[in-house]
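Data first, discussion second: the structure below is written as structure tokens.
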Ligand SMILES: Nc1ncnc2c1ncn2[C@@H]1O[C@H](COP(=O)(O)OP(=O)(O)O)[C@@H](O)[C@H]1O
Ligand SMILES: [Mg+2]
């Protein structure tokens, strides 16, 4: 696990950009943390590394999924408002998760049965007005690889 503390929105954005640089088609990120933690901001950072302007990226809370055209497609889910995970089946979530784009799921832990075995788990915890603890855990071969690459690239750890 990789754990760090962000002390500003800019820092969280930059971390997202760092993560975004390492991502490849088929990667899935499971992003959790209370409302206002900084999940969507982190996705904006990821998007910037995929050449998606940050203003394009908005919260998919009401749309369930937003799709962006970048270096690779970015599929941005927010499953907060779903009542049943089976609604993900209705929209064919597997086509996204196992497709040729990068998928980020906000609130993925609400429906753990609908997460792929291989993924990067990120938890953001609000410590103060501007302080956020960010923990990243690689699940499966690819998830582990991403965390190792982040560590190697000097993403600070505690
Ligand atoms: N260190 C920080 N990291 C991320 N967001 C921060 C930080 N400090 C303050 N914020 C603010 O918290 C809010 C996070 O909003 P958002 O990314 O939409 O959260 P979420 O998607 O988790 O509900 C933004 O208004 C942002 O400016
Ligand atoms: Mg959000």
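A short reminder: the numbers here are calculations on the coordinates, not readings from a lab. Model, not experiment: these values are computed from the prediction. Virtual Cβ from ideal backbone geometry, glycine too; neighbours counted across all protein chains shown.
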(message) So, in the stretch 112-136, how many residues would count as being in a strand (DSSP E or B) and either within 16 Å of ligand 2 (Cβ to nearest atom) or in contact with a helix residue (DSSP H, G or I) (Cβ under 7 Å, 6 or more places away or on another chain) (or both)?
(response) 10
(request) Working only within the stretch 134-158, note down all residues that are under 15 Å from the mean Cα position of the chain (by Cα) and either loosely packed, with under 14 Cβ neighbours inside 10 Å or within 16 Å of ligand 1 (Cβ to nearest atom) (or both). (result) 134, 135, 136
(message) Please verify whether residue 28 is crowded, with 17+ Cβ neighbours inside 10 Å and in contact (Cβ under 8 Å) with a residue 40 or more places away in the chain, treating the condition exactly as stated.
(response) yes
(message) Condition first: more than 10 Å from ligand 1 (Cβ to nearest atom) and either farther than 22 Å from residue 143 by Cβ or out of contact with any strand residue (DSSP E or B) (no Cβ under 6 Å at 6 or more places or on another chain) (or both). Now tell me which residues in the stretch 15-46 satisfy that.
(response) 17, 18, 19, 20, 21, 22, 24, 25, 26, 46
(message) I'd like to verify a number: residues in the stretch 1-14 that are near ligand 1 (Cβ under 8 Å from one of its atoms) and touching a residue at least 40 places away in the same chain (Cβ under 8 Å), how many?
(response) 6
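Given the stretch 1-111, what strands (runs of 3 or more DSSP E) lie entirely inside it while holding 2 or more residues that are touching a helix residue (DSSP H, G or I) at 6+ places or on another chain (Cβ under 8 Å) and within 16 Å of ligand 2 (Cβ to nearest atom)?
Details: elements: 2-6, 28-32, 65-69, 73-78, 102-106.
Output list reads 28-32, 65-69, 73-78, 102-106.
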